[in-house]
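The values are calculated or read from the model by the stated rules, or taken from the named source; none is laboratory data. Keep in mind that what you see is a predicted model, and the values were worked out from it rather than measured. So basically every Cβ, Gly included, is an ideal-geometry build from the backbone, and we count neighbours across all protein chains shown.
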Amino acid sequence: MCRSLQGNCLLASPFMDDPNFFRAVVYLVRHDEEHSFGLIINRPTDFQLEKVVSMVCESKCVHNGPLYCGGPVDGPLLALHDQSHIGGEECVDGLKLCTDQAELMKLFVCKAAKLKLFDGLAAWGPGQLDEELATGSWLVTDIDCDLVLSADNDLWESLVRRIGQNILATDDKISDVPIDPQWN
């Protein structure tokens, strides 16, 4: 296995054939020799949080926004959030993953919380993600907590553009590269 990519972001290659991951941005929650899993953070559904929470937990929710499709693998409801006093597994500084229903209910009524709620996840067996990385199916980049929890509709495009600009910036032969190649 290569170094752990936990806490990083996977961007589906433009050439990836799997429709489940077309232009997907996957926040990688875990990446080790046993297994890897993450959440697609740019796939909102038509279901609103208030409705989902009232159906699942019979509780109120003070947050607006969509339920996200976290990936093609079924699982419990999962939330990524930024509240240090509410439970969950620490992902990176300031970001937690929560599946516990009692902790989720605290999160749903915490007005200060930034969160995304997910149905489903993306998962890989031993070595599977490393093989996909080796074949170029995924681009890897770092990502901060605010961007993970943002509702940016163009997240895939902006991260791919950032990777491209970082690659070009490392080449000292290219002094002034326009953002759009048509400007050449």
Would you check which residues across segment 146-157 are part of a helix (DSSP H, G or I) and either under 11 Å from the mean Cα position of the chain (by Cα) or surrounded by fewer than 13 Cβ atoms within 10 Å (Cβ to Cβ) (or both) and list them?
-> ASP146, LEU147, VAL148, LEU155, TRP156
Are there any pairs with C-beta distances below 6 angstrom linking a residue in segment 88-112 that is over 14 Å from VAL53 (Cα atoms) to a residue that is part of a helix (DSSP H, G or I), with the two at least 6 apart or on different chains, and if so which?
-> GLY94/CYS145; LEU95/CYS145; CYS98/LEU104
Condition set modelled with pLDDT of 90 or more and more than 21 Å from ASP100 (Cβ to Cβ), scope segment 33-46, selection surrounded by the fewest Cβ atoms within 10 Å (Cβ to Cβ): answer is ASP46
Give the residue, chosen from ASP130, ASP152, that is of a type in the set (D, E, K, R), under 28 Å from THR45 (Cβ atoms) and at pLDDT 85 or above.
-> ASP152
Complete set of residues in segment 51-80 that are within 22 Å of LEU95 (Cα to Cα), surrounded by fewer than 18 Cβ atoms within 10 Å (Cβ to Cβ) and touching a Lys or Arg at 6+ places or on another chain (Cβ under 8 Å) = VAL62, GLY65
Give the residues of segment 109-140 that are in a strand (DSSP E or B) and either β-branched (Val, Ile, Thr) or more than 17 Å from the chain's Cα centre (by Cα) (or both), sorted by residue number.
-> VAL140
Lone qualifier among ILE86, ILE143 - being closer than 19 Å to HIS31 by Cβ and assigned to a loop (DSSP other than H, G, I, E, B) = ILE143
